[in-house]
1. How large is ³J(HN,Hα) for each residue in the stretch 168-173, as worked out from phi by the Karplus curve 6.51 cos²θ - 1.76 cosθ + 1.60 (θ = phi - 60°), to whole Hz, x for Gly and Pro?
2. Would you mind telling me the share, in percent, of accessible area of the stretch 94-167 contributed by carbon and sulfur at probe 1.4 angstrom?
3. Go through 201-213, 184-196, 74-86 and give me the packing order, highest mean Cβ count within 10 Å leading.
4. List the aspartates and glutamates whose Cα sits under 14 Å from the Cα of Lys77, skipping any in the same chain fewer than 8 residues away.
5. Just want to confirm a number: the relative contact order over the stretch 153-206, from Cα pairs under 8 angstrom separated by 6+ residues, in percent.
6. For the pairs Lys161/Lys230; Lys105/Lys137; Lys105/Lys154; Lys130/Lys157; Lys104/Lys210, flag any whose C-alpha to C-alpha distance is greater than 18 Å.
7. Could you tell me the relative contact order of the stretch 93-238? Use alpha-carbon pairs under 8 Å, at least six residues apart, and round to a whole percent.
8. Could you rank the peptides 104-115, 172-183 by their average count of other C-beta atoms within 10 Å per residue, with the highest value first?
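The values are calculated or read from the model by the stated rules, or taken from the named source; none is laboratory data. Note that this is a predicted model, so its numbers are computed, not measured. Cβ: placed from backbone, ideal geometry, glycine included. Neighbour counts: every protein chain shown. In case anyone asks, the SASA skips ligands and DNA or RNA and just uses the protein heavy atoms, side chains included. Shrake-Rupley method; radii C 1.70, N 1.55, O 1.52, S 1.80 Å.
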Amino acid sequence: MAFTVPASMSRLFSATRAAAVIPMAAFAPSKNKLFPTPSNFSQLPLKLKPYPKPLRFSSASFSSAAPISAAISVGQKLPDATFSYFDAAGELQTITVADLTKGKKAILFAVPGAFTPTCSQKHLPGFVEKSGELKSKGVDVSSCISVNDAFVMKAWKQDLKINDEVLLLSDGNGDFTRAIGAELDLRDKPVGLGIRSRRYAMLVEDGVVKVLNMEEGGAFTNSSAEDMLKLLVPQERI
């Protein structure tokens, strides 16, 4: 039995097949720049910015002070300079490095500033407290040096009630500090300290440096009276 498709259905199938045929022209490159086809991507005015180079940090980037260095070293003779101070009678005096150390075993230690916390609470008081032990180890004089004027050093001495245990010396113009390469630049600090001295402690015999403990900036790790006492013991056995 033959099946005959009505003419109306035949016309419907023919129209459907014609609509399903997609002309190849539809795949031609589009001239519409708003919705480009892959073939005209190269025509876009793209400007690619390179990624910035990654930032690299080292521990030195966060350091507040420069690497430890000094113009003076163990075995060298100290450069001469003049300090000022007020004596017990309240008279302004001066003394040179040569006179301070000639024929003597002396300890010279420096602080970044009078009246500053670590200097006032630990460093200077430590040498005052241990002055007797230092003398028993052969130290003739212990001197505290700071880039402050003599009047400030006098007031600091009175404030801490120091007698003759330690001689407080003013390197007011920083001449000695510069000569031994111990400058400390604190101009970026809000308290206005300017150029001061690194913290250090040295043992000097007849003007020659025997021990030099130079701190990094104002750190307080190896320049205390206790540190110097430890170094004096083996020297007595030689």
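1. Per-residue couplings from phi come out as 8, 10, 9, 9, x, 8 Hz.
2. On the way: 1660 of 3340 Å².
The nonpolar share, carbon plus sulfur, comes to 50 percent.
3. Working: 201-213: 18.6, 184-196: 13.1, 74-86: 16.5.
Order by mean packing, descending: 201-213, 74-86, 184-196.
4. Straight-line reach from Lys77, under 14 Å: Asp99, Glu205, Asp206.
5. On the way: 33 pairs, mean separation 11.8, N = 54.
Once normalised by length, the contact order is 22 percent.
6. Details: Lys161/Lys230 26 Å; Lys105/Lys137 10 Å; Lys105/Lys154 24 Å; Lys130/Lys157 16 Å; Lys104/Lys210 12 Å.
Over 18 Å Cα-Cα: Lys161/Lys230; Lys105/Lys154.
7. On the way: 250 pairs, mean separation 43.9, N = 146.
Across the stretch 93-238, relative contact order equals 30 percent.
8. Numbers: 104-115: 22.1, 172-183: 18.6.
Per-residue Cβ counts within 10 Å, averaged per peptide and sorted highest first, yield 104-115, 172-183.
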